[in-house]
1. From the set of residues in segment 85-115 that are charged (D, E, K, R) and without any contact (Cβ under 8 Å) to a residue 60 or more places away in the chain, which is farthest from residue 14 (Cα to Cα)?
2. Which of the following residues is out of contact with any strand residue (DSSP E or B) (no Cβ under 7 Å at 6 or more places or on another chain) and either touching a residue at least 60 places away in the same chain (Cβ under 8 Å) or polar (S, T, N, Q) (or both): 63, 16, 7?
3. From the list 35, 58, 46, which one is touching a His at 6+ places or on another chain (Cβ under 6 Å) and free of Cβ contacts under 8 Å to residues at least 60 places away in the same chain?
4. Within segment 96-124, can you find the residues that are part of a loop (DSSP other than H, G, I, E, B) and either farther than 16 Å from residue 57 by Cα or out of contact with any strand residue (DSSP E or B) (no Cβ under 7 Å at 6 or more places or on another chain) (or both)?
5. Just checking, which of 127, 72 is aliphatic (A, V, I, L, M) and either surrounded by fewer than 19 Cβ atoms within 10 Å (Cβ to Cβ) or more than 21 Å from residue 166 (Cβ to Cβ) (or both)?
Amino acid sequence: MAHVILAGGCFWCTEAVFRDVIGVTGVESGYIGGSVPNPTYKQVCSGTTGHAEGIRVSFDPDAIDLASVLDIFFVIHDPTTLNRQGNDVGTQYRSAMFPLDEAQREAFEAAITRAAAHWPKPIVTTIEGPATWYPAEDYHQEYWEGEGQRNPYCIAVIPPKLAKLRKSFADKAKV
């Protein structure tokens, strides 16, 4: 199993998309890149801890390679808006990648180069780290599968992201 940590706005939304990717065996929502140990959702949402809402994606590299995971990441969120995804504003919603080793750092750099060819504005996604990963509270895990489908925000944001996945990566979507 391989792992990658990505931040692309609201973790509920990115988690929902990656749960639908063939070869992804798990997605955990959490916090990364800040200065407060074991932050809470309320602390991170305040924008004062320096953490980003992120996801830790576990995947089978025999089923999907890291480059494909990263290409999906750059399609399902806007990597050209600084500290913002849609109505979510603040450093906690920044576009960032957190390499676990030098090979990932190089893969991240290559992914940014590939993504830049498809976006009309410059990519602002940062490569940060090393940083400590903190899993989010239990009620944030698999949010779309439960509470999220009754949450107006999620209903407005997640289905279009899932549609982008299915349109741009039909061969990699579970449905």
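1. The extreme case among them is 102.
2. 16
3. Criteria check complete, one pass: 58.
4. Answer for segment 96-124, where residues must be part of a loop (DSSP other than H, G, I, E, B) and either farther than 16 Å from residue 57 by Cα or out of contact with any strand residue (DSSP E or B) (no Cβ under 7 Å at 6 or more places or on another chain) (or both): 101, 117, 118, 119, 120, 121, 122, 123, 124.
5. Result: 127 is the single residue among 127, 72 that is aliphatic (A, V, I, L, M) and either surrounded by fewer than 19 Cβ atoms within 10 Å (Cβ to Cβ) or more than 21 Å from residue 166 (Cβ to Cβ) (or both).
No value in this document is a laboratory result; all are computed from the given coordinates. From a predicted model like this one, the values you see are computed outputs, not experimental measurements. Here the Cβ is made from the backbone with ideal geometry for all residues, glycine too, and neighbour counts use every protein chain on show.
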